[in-house]
Each structure stands twice: as C-alpha cells, then as structure tokens.
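Comments concern the structure below.
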Amino acid sequence: MKKRLLFLLTVFFCWLPILAIQKPVFMLYHHALANECSLIDYLKVITHGLLLDCTVSGYLTVIPLLCILVSVWLPGTFYQKLIKGYFLATGLLVAAIFAVDVALYGYWGFRLDATLFFYLQSPTDAMASVPIGTFFLQFLLFLIYAYGIYWVFKRFVVPLFPTTPAHNRLGGTIVILLLGGILFIPIRGGVTTSTANVGMVYFSKNQFLNHSAINPAFSLLASLSKQQDFAAQFDFFPEEERKERYAALTAHNNLPMNDVDTEKLLTTDRPNILIILMESFTANVIEAVGGEVGITPNLNRLSREGVTFTNMYANSFRTDRGIVAVLNGYLAQPTTSIMKYPAKSQTLPSIAKSLGEQGYTADMLYGGDINFTNMQSYFFSSGYSQITADRDFPLSSRLSKWGANDDITFTHLYESIKDRDEKAPWLSTFLTLSSHEPFEVPYHHLEDPYLNSVAFTDSCIGSFVDKLKELPVWKNTLIVLVSDHGYRYPSSLTDYEPRRFHIPMIWLGGAVKEPAVIETYANQTDLAATLLSQLGLPHDQFIFSRDILAPGYPEYSFYTFTNGFGFIDSTGVSVYDNESNKPLIENPAAGSEERLNRGKVLLQTLYDDLGNR
C-alpha cells in the first residue's frame, strides 16, 4: 500500500515544478514587458502561481488515482503501459497549451481562454496571421517541453507503479478514497469560501506580473466552463431597430460636456473620495429613504448633513455584479457576472482608472476573502494599487464566517486615512461585510438577525464618520455611501419586485456644498458619470452610466434578477421574465409595452457589448 501512496504523491508533486517552470519562461519570452522585473518579482510570480498549479496538478492526478484504485483489486503489469500513454497524452496537451498561450499573449494581452476556439473555426485565416518564424519557434518550444514532461514521468514516475496485489484490499480501497478526498482540496482551490479562480494568483498592481502567475491550462479550462455566446442572447430587436431605440434612450449622452450645465454638489473638483459599499443594505430599513423607523439612526442623521438620493436602485442582487455596477458604471447581467471573466472585466472603464489619470491613488478594503468570485484580479485590473483583505488581519479579528467584522475594518480604515499625506488625492473603496448572512455580529440590540446586523454596521458608520470629522482631511473629503445590492426584507417580498432593489445612496463630507434631497429615479451605474461630472472629468466611456444631475437626464431605473429584468420610470413599473418570455408585473398596464421595450433594448445592448469584449 505504501508503494501505491508513494506513486500518487510523486505524480502530484512531480507536476508542480513542471508547471511552475512555465512562469519564468513566459516572462523571459515577453522580456520587453518584464525588463523592469527583479529576481524577487520572478519568485513572487512562481510562488503565487503555485495555487493554480496545485489545482491543475490535482486534475492531472485523478486518472492515476483511479488506476491505482482499480489495481488494488485487479493488479497487473499493463498499468505501466497505460499510465505511460496517459503521461504522453497529458504532456502533449500541457505543452501545446503553453506553447500557444505564450505566443498569443503578445497579441491578446490576456492568458489563453476559449477565445482560441473561436479563431480555430477558421484555421486557415488564423494561421495566415501567424508569422512563419513564430510558428516554428512555438513548435520547437512545444516539442522540447512535451518531450521533457514525458521523459521525466517515464524515467522517474512510471516505474513506481506497483504491479503486485495489495495485501489488504478493503483497507487499501478506503485509504485511496480518502486520498481522493484530500486531492479534492487543491482541485477546489482550498478550504475557504472561494473556489479556484484566476484571481487567486493576482498579487501586484503590475498586470503583467499577475498574468504571468496564471496557469494557462487552468485559464483555458475555467473559460470553457463558462463559455457562452453572449452577443447572440436576448436578440429582441433587429440590429437597426435596436440602435435606433438605444440612441433615443441615451440621446443625452451625446451632448458635449461643455454644453451640459450640471448642478454642482461639491465645493472642490479634486476631493479625496471614499466609496463605502454597504453589504445588503435595503432602503426598506432606512428611514431617510422611506424605510422602517429606528433601524439606522446614524444614516438617518448623516442623510440630513449630505445629499440623499431617495430613488436609487441596485442593478442586481449579487455583490460581484453590484460592485461592477457601482465602480465601472456597467449594467449587471441576469445570467452571468462579468467579474468572472478577467479578460472581459479588465477592458471596462472604472472610476479608479479615470481618477488615476488625474493623480489619484486607489486602494481597496474588504474584511473577507478577496479571492471570492475573482475580486482580487478585478480590483487590480480596475486600477487599484493596494488591496487589504482578511489575510491582513490577525486570526483573532476574523470572528465572522466571512472574515473581519465591520468594527475591525472601520477602525483600520480610520487609522489608514489618519496617516495619509494630505497633498495627494486618493480614492478609497470599502466593502462592508457584517450585514451578510449569517449576520454574526458582536451586537445584540434587535431580535431580527438581519436588522440587528444592519444596525451594527450603521453604528460603525456613525462612529467612523464622527471621528473622521475631527481630522483635517475631512474638509476635502467626499464619502459616498451606497449599497452593493438590496435584500429581501420584509420576507414577503418576491425576488423580482422593485422594493427588493431599492437602496440608499448618500453623499456626505466636508467637500459637500450643502444638504440636498434628490428624488430622481437612478441606478448604481449612474454613480460613475455623476461623480466624474462633478469633478469636471469626461465620462463618455461609461456607456451605461448617466449623470443624474444633467439636464435632459432620462429618468428611469433598470435592474436585473435571475434571467429577468425590471424597468421603472414615471409611468410605472414593468418586470419581465426571460425564461417564460412573459411580464411578471405591469403596473399600470398602460405604457407597459414601451417600458418593456426600453428594458429589452438595454439588455440586448448590454449582452452585445459583453460578447464583444
């Protein structure tokens, strides 16, 4: 039995250096991009990349594990020939993936994904664009790497496969099955809430280093598992009609910035900016925007000091989609999340990128697992140079299932702001955590767990803002409080009705000119254009974001739920289910068809854009 275990462990650990060597070779191949990288950078790429290398190694060990399991009951010498053929096939596959990936990166700017198969539909055209020298160089790299992999396994691993029967077949079977369960851990990507994703290996503000750490085999496998032809979905209208309808809906976006007389809410056009994304905060529990009385006394108080948007709606029901809506001004998708596609999400404009061009530095704070749903890769790609997450807090501070509670992270945020250089403008983004299920908080004031967690975060916000007011930085700071998404409270709400998506947005801080209440229907996506307009900066690249304060602003709210959407304007509410192709709400019936058509054209345009990224 020991020989069988030794064989499996050797297979797994033998793959690791074979996969790890791809990293320095990739960087040396693209030496122009790596010319400023130090030896430490090379080592960091290798060590961070080991996470996904372990995942791929786990997958590649599954077949040998099954062979070992069968050999416990049916021993024989033929297994060595079988396993030799397996290593030949996997060696060729791994080498081919790497050789193709390392060549294409220079053209694509992202690691290998299912886009490859789109081009292989026309192989003649694809090969026509490949220089003959590159083809032979990559073919040589493929042959050397494939032969090297096969030689290593043939020479050192195959001979370890036992050909004799196991002494204790039942016990051996149990041990192998237990080892298979352990093997599932690296395949899954660990034991935390996040599963294996390319964002796990991101560690730097240098995107090339992050890309270098990705295992191309995993990148290809992950994209294949999520591959869809987005542009072909939701074709409600012929293309010309879609263009006309969308142009009519967004005519205000075509006005030059100088021709738009936007009301000014701020005292300066270069404030420090703190965006606080409040986890699962629904407007239904916040009195200041029409919700229950007594749950959020601090937000109610602060709303009277700042600018309160009373008809703000979340674009989605999930954090990963809500973050993109807020920070990139990009509509949430009802059937997927662009955050799960790094090659697409990195093409999005972002508030951080726009402000970075003006000399701002951008940092992100989250008390939870930053690898969840590719968040780490997303934030680095969106222009954030520093990320603080659960790993940066001591274990004693991570008392919630999700990580560090909001009292801990708000304290960290205050201390970091207190020590900042007042001369350099900054953008900080903070995603709270405590009001996420299962609502475990060190606070026991209300019976309902959700309401109690919201009240806890509200108390943290109030304490944080009151302390920040005492600092010199307050005078030139804008705080934007906005939810990542709503919550189904009260429980009688359905998952698709508008109240489920109604959220608060409050601007406050010393940079706010005077208190105001804005009752215009708006979306999370509108923060980007509205904020940049206040700073006198262009925002035309945010194609789904509208300046709420601009004259001619088309007043509506749009949101998506699981394969459906809702559209709200002054005429009423229409909600549509794409699965059944039927409206779920038409209130009032008059005007419902036009509302649905507006929602459909937004959704079709969104998926066309998503498919083209």
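The values are calculated or read from the model by the stated rules, or taken from the named source; none is laboratory data. What you see is a predicted model; the values in this text were computed from it and never measured. Glycine also receives a Cβ, built like all others from the backbone with ideal geometry; neighbour counts cover every protein chain displayed. The accessibility values were calculated without ligands, DNA or RNA, using every heavy atom of the protein model including side chains. Shrake-Rupley method; radii C 1.70, N 1.55, O 1.52, S 1.80 Å.
Structure values in brief
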quantity	calculated
THR347-THR411 FRET efficiency (beta carbon distance; Förster radius 41 Å; 0.05 resolution)	0.70
Whole-angstrom gap from region 1-61 to region 408-467, using each part's C-alpha centre	39
Cβ-based net charge around GLY611, under 10 Å, with every Lys or Arg adding one and every Asp or Glu removing one	-1
Contact order relative to length of the chain, as percent, for alpha carbon pairs under 8 angstrom and 6 or more apart	18
Carbon plus sulfur fraction of accessible area for the chain, probe 1.4 Å, in percent	59
Other-chain or far-sequence residues with amide H under 5 Å of ILE518's (modelled H)	THR308, PHE309, THR310
THR47 versus THR520: modelled label distance in nm, points set 7 Å from Cα along the beta carbon direction	5.0
Gained length - ALA96 relative to PHE184, 0.36 nm times residue gap less alpha-carbon distance	29.1 nm
Between helix 406-418 and the chain: long-axis angle, C-alpha atoms, 0 to 90°, nearest 10	80
Per-peptide average of other Cβ atoms within 10 Å, ordering 231-244, 550-563 highest first	550-563, 231-244
Helix 78-108 vs. the chain, principal-axis angle (Cα, 0 to 90°, nearest 10)	40
Between region 499-537 and region 356-385, the alpha-carbon center distance in angstrom	21
Local net charge near GLY564, Cβ-Cβ under 12 Å (Lys/Arg +1, Asp/Glu -1)	-1
Surrounding net charge for LYS469, when Lys and Arg each add one and Asp and Glu each subtract one, Cβ distance under 15 Å	+2
Ranked by how many other beta carbons lie within 10 Å on average, peptides 404-417, 155-168 from highest	404-417, 155-168
The chain - charge dipole about Cα centre, Lys and Arg +1 at Cβ, Asp and Glu -1, debye rounded to 20	3060
Hits among lysines - C-alpha to C-alpha of LYS205 under 21 Å, sequence gap 8 or more where chains match	LYS23, LYS44, LYS340, LYS344, LYS353
The chain, helix-only ellipticity at 222 nm - DSSP H runs n ≥ 4, -39,500 (n - 2.57), divided by all residues, nearest 500	-14000 deg cm²/dmol
Straight-distance crosslink candidates among lysines, where the alpha carbon sits under 21 Å from LYS469 and sequence neighbours closer than 8 are dropped	LYS418, LYS423, LYS513
Amide H contacts of SER483 (H built 1.01 Å from N, under 5 Å, at least 5 apart or other chain)	MET278
Under Karplus coefficients 6.51, -1.76 and 1.60, residue-wise ³J(HN,Hα) of region 140-157 in Hz, glycine/proline x	5, 4, 4, 5, 5, 5, 5, 5, x, 4, 5, 4, 4, 5, 5, 7, 10, 9
5 angstrom amide H check on ASN563, placed H, neighbours 5+ away	THR335
Label zone at LEU160, where the point sits 7 Å out along the Cα-to-Cβ direction: region 48-62 residues whose backbone N lies under 13 Å	61
20 °C / 1.002 mPa s Stokes-Einstein diffusion coefficient of region 562-613, Kirkwood radius on C-alpha pairs, µm²/s	189
Å² per residue, accessible surface of the chain at 1.4 Å	42
P(r) weight above 19 Å for region 399-536, C-alpha pairs, percent	60
Per-peptide average of other Cβ atoms within 10 Å, ordering 371-383, 11-23, 336-348 highest first	371-383, 336-348, 11-23
Principal axes of the chain: Cα extent on each, largest first, Å	81, 57, 52
In degrees, nearest ten, helix 2-20 long axis to first principal axis of the chain (Cα)	60
HN-Hα J in Hz across region 317-325 - Karplus 6.51, -1.76, 1.60, θ = phi - 60°, x for Gly and Pro	10, 10, 4, 4, 7, x, 4, 5, 4
Karplus-derived HN-Hα couplings along region 348-364 (A = 6.51, B = -1.76, C = 1.60, θ = phi - 60°), whole Hz, x at Gly and Pro	6, x, 8, 4, 4, 5, 4, 6, x, 5, 9, x, 6, 9, 10, 9, 10
